[in-house]
Amino acid sequence: MKLPMIIVHGGAGSWKDERIPVGIEYIEKAARVGFKVLKNSGSALDAAEACTLFMESCGSLNAGKGARPNQDGVLELDAMIVDGSSLQFGSVGAITGIQNPISLARYIMEKTDYNFFAGENAKRVYDRMIEEGYRQEIESGVVETVNISPSGDTVGCLVVDSDGNIAATSSTGGIPKKLPGRVGDSPVMGAGAYANDVCGASATGWGEHIMRVVLSRMTVLYVEEGLDVMVAAKKGMDMFEKKTGSEAGIIVADKSGNHGYATNAKAMPIAIIKGELDTLESHACLE
């Protein structure tokens, strides 16, 4: 049995050899966090948020606590969560003063009439989220772990629950030494992530180029047109490289729990857990 399932990436990039095992360690832990939520009857969205929140909080990946600072030495974070069953999403860009933008992205999706907030005004929405009790803080800007029992690039995950519902996430601190205010692909629907009732994808890499070809949406489209998910992932990367000459990576999963992945970067640590046996598979996904 392939469901439920989760596939997690820790970012595609020029990983130093000694850092690859560290990346694998933390995405394995993140995958187990998300899968435990699924096994406890949590939804795909619950599991995706919990998995991504763990990666934002671990301090060893380019998201949340471990994000790379901009040219002013400030952490400006981007994140998105997508509900494939409804084609709804929530996004946040260039937010400062918080550690866990993925929870804010979900609040935006579920509790506002909008989809995307950025900058200082995104922080105002975060403050409202906390005031309303949608999520609790353990300290200023740090969200309490939800639905859990007690350097690469962008992080992300895809979750398919037992009913075939798909959730996708993306979260990042962006490229190193970026100009303040720069927002990459991570919170852009169809670029950094995408999901519908057929398939989902989450991308990682140089955001300006990922946005140019809406990499996640195009890769899902290949699955909708009948390609196997692994073939679709490789076709998406081939298209991306041909059109941009840049580096990226992508993970893909369909509603039946079939998964695929591809990268043209040095490495993209990934972890997969699926089915009743909770079998974990992880590797560096070397170019």
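Among (1) in contact with a Phe, Trp or Tyr (Cβ under 6 Å, 6 or more places away or on another chain); (2) surrounded by 23 or more Cβ atoms within 10 Å (Cβ to Cβ), there is one condition ALA271 misses while meeting the rest; what is its number?
(1)
Go through (1) modelled with pLDDT of 95 or more; (2) touching a Leu at 6+ places or on another chain (Cβ under 9 Å); (3) buried (at least 22 other Cβ atoms within 10 Å of the Cβ) for GLY97 and report which single condition fails.
Only one criterion in (1) modelled with pLDDT of 95 or more; (2) touching a Leu at 6+ places or on another chain (Cβ under 9 Å); (3) buried (at least 22 other Cβ atoms within 10 Å of the Cβ) is unmet by GLY97, namely (3).
Six or more apart or on different chains, Cβ atoms under 9 Å: show the pairs whose first residue is in the range 184-195 and farther than 14 Å from ASP83 by Cβ and whose second is of a type in the set (Asp, Glu) and crowded, with 24+ Cβ neighbours inside 10 Å.
GLY184/ASP78; ASP185/ASP78; SER186/ASP78; PRO187/ASP78; VAL188/ASP78; ALA191/ASP185; GLY192/ASP78; GLY192/ASP185
May I ask you to list the residues in the range 32-42 that are touching a strand residue (DSSP E or B) at 6+ places or on another chain (Cβ under 8 Å) and either charged (D, E, K, R) or within 15 Å of GLN88 (Cα to Cα) (or both)?
Let us first name the residues in the range 32-42 that are touching a strand residue (DSSP E or B) at 6+ places or on another chain (Cβ under 8 Å), namely 32, 34-35, 38.
Matches in the range 32-42: ARG32 only.
Sort through ASP197, ASP153 and tell me the only one that's charged (D, E, K, R), closer than 27 Å to ILE20 by Cβ and touching a Gly at 6+ places or on another chain (Cβ under 7 Å).
Checking each option against the conditions leaves just ASP153.
Checking the conditions here, which among ALA47, ALA63, ALA12 is under 14 Å from the mean Cα position of the chain (by Cα), farther than 22 Å from ALA248 by Cβ and buried (at least 24 other Cβ atoms within 10 Å of the Cβ)?
Of ALA47, ALA63, ALA12, the one residue that is under 14 Å from the mean Cα position of the chain (by Cα), farther than 22 Å from ALA248 by Cβ and buried (at least 24 other Cβ atoms within 10 Å of the Cβ) is ALA47.
So, in the range 140-171, of the ones that are assigned to a loop (DSSP other than H, G, I, E, B) and among the polar types (S, T, N, Q), which residue ends up modelled with the highest pLDDT?
For the range 140-171, the residue satisfying everything is ASN165.
When you look at LYS2, is it charged (D, E, K, R) and touching a Lys or Arg at 6+ places or on another chain (Cβ under 9 Å), yes or no? First the steps, then the outcome.
On the way: charged (D, E, K, R): yes; touching a Lys or Arg at 6+ places or on another chain (Cβ under 9 Å): yes.
When the stated conditions are applied, LYS2 passes them.
Being in a helix (DSSP H, G or I) and buried (at least 24 other Cβ atoms within 10 Å of the Cβ) is the filter here, so list the residues in the range 199-223 that pass it.
Once the filter is applied, which keeps residues that are in a helix (DSSP H, G or I) and buried (at least 24 other Cβ atoms within 10 Å of the Cβ), the range 199-223 yields GLY207, ILE210, LEU215, SER216, THR219, VAL220, VAL223.
In the list TYR107, TYR114, which residue meets the criterion of being more than 26 Å from GLU247 (Cα to Cα) and surrounded by 15 or more Cβ atoms within 10 Å (Cβ to Cβ)?
Matching residue, one of TYR107, TYR114: TYR107.
Go through the range 66-82 and report how many residues are charged (D, E, K, R) and surrounded by 24 or more Cβ atoms within 10 Å (Cβ to Cβ). Walk me through it before giving the result.
Narrowing the range 66-82 to residues charged (D, E, K, R): 68, 72, 76, 78.
Then keep just the ones that are surrounded by 24 or more Cβ atoms within 10 Å (Cβ to Cβ); that gives 76, 78.
Summing the residues that are charged (D, E, K, R) and surrounded by 24 or more Cβ atoms within 10 Å (Cβ to Cβ) in the range 66-82 gives 2.
I want to confirm something. Restricting to the range 1-45 and keeping residues that are of a type in the set (Lys, Arg) and assigned to a helix (DSSP H, G or I), which single residue is farthest from LEU158 (Cα to Cα)?
Selected residue: ARG19.
Can you confirm whether the range 183-190 contains a residue that is in a loop (DSSP other than H, G, I, E, B), buried (at least 17 other Cβ atoms within 10 Å of the Cβ), in contact with a Gly (Cβ under 9 Å, 6 or more places away or on another chain) and modelled with pLDDT under 95? Show your work before the answer.
Let us first name the residues in the range 183-190 that are in a loop (DSSP other than H, G, I, E, B), namely 183-188, 190.
Narrowing further to those that are buried (at least 17 other Cβ atoms within 10 Å of the Cβ): 183-188, 190.
Of the ones still in play, those that are also in contact with a Gly (Cβ under 9 Å, 6 or more places away or on another chain) are 183-188.
Adding the requirement that they be modelled with pLDDT under 95 leaves none.
Looking for residues that are in a loop (DSSP other than H, G, I, E, B), buried (at least 17 other Cβ atoms within 10 Å of the Cβ), in contact with a Gly (Cβ under 9 Å, 6 or more places away or on another chain) and modelled with pLDDT under 95, one finds none in the range 183-190, hence no.
Which pairs do you get when a residue that is under 14 Å from LYS178 (Cβ atoms), found in the range 74-101, comes within reach of a residue that is β-branched (Val, Ile, Thr) and part of a strand (DSSP E or B), reach meaning Cβ atoms under 6 angstrom, with the pair 6+ apart or on two chains?
From the range 74-101, the pairs are LEU77/ILE95; ASP78/THR172.
Do you know which residues across the range 224-260 are part of a helix (DSSP H, G or I), aliphatic (A, V, I, L, M) and over 19 Å from the mean Cα position of the chain (by Cα)?
Taking the range 224-260 first, the residues part of a helix (DSSP H, G or I) are 224, 229-244.
Subset that is aliphatic (A, V, I, L, M): 229-233, 237, 239.
Answer for the range 224-260, where residues must be part of a helix (DSSP H, G or I), aliphatic (A, V, I, L, M) and over 19 Å from the mean Cα position of the chain (by Cα): VAL231, MET239.
If GLY174 meets every condition in (1) in contact with a helix residue (DSSP H, G or I) (Cβ under 6 Å, 6 or more places away or on another chain); (2) part of a loop (DSSP other than H, G, I, E, B); (3) crowded, with 24+ Cβ neighbours inside 10 Å apart from one, which number is that one?
If we test GLY174 against (1) in contact with a helix residue (DSSP H, G or I) (Cβ under 6 Å, 6 or more places away or on another chain); (2) part of a loop (DSSP other than H, G, I, E, B); (3) crowded, with 24+ Cβ neighbours inside 10 Å, just (1) comes out false.
Tell me, yes or no, whether the range 132-139 has at least one residue that is in a strand (DSSP E or B) and charged (D, E, K, R).
Checking the range 132-139: at least one residue is in a strand (DSSP E or B) and charged (D, E, K, R).
The values are calculated or read from the model by the stated rules, or taken from the named source; none is laboratory data. Not measured: the values here are computed from a predicted model. Positions of Cβ are backbone-derived with ideal geometry, glycine not excepted, and every protein chain shown enters the neighbour counts.
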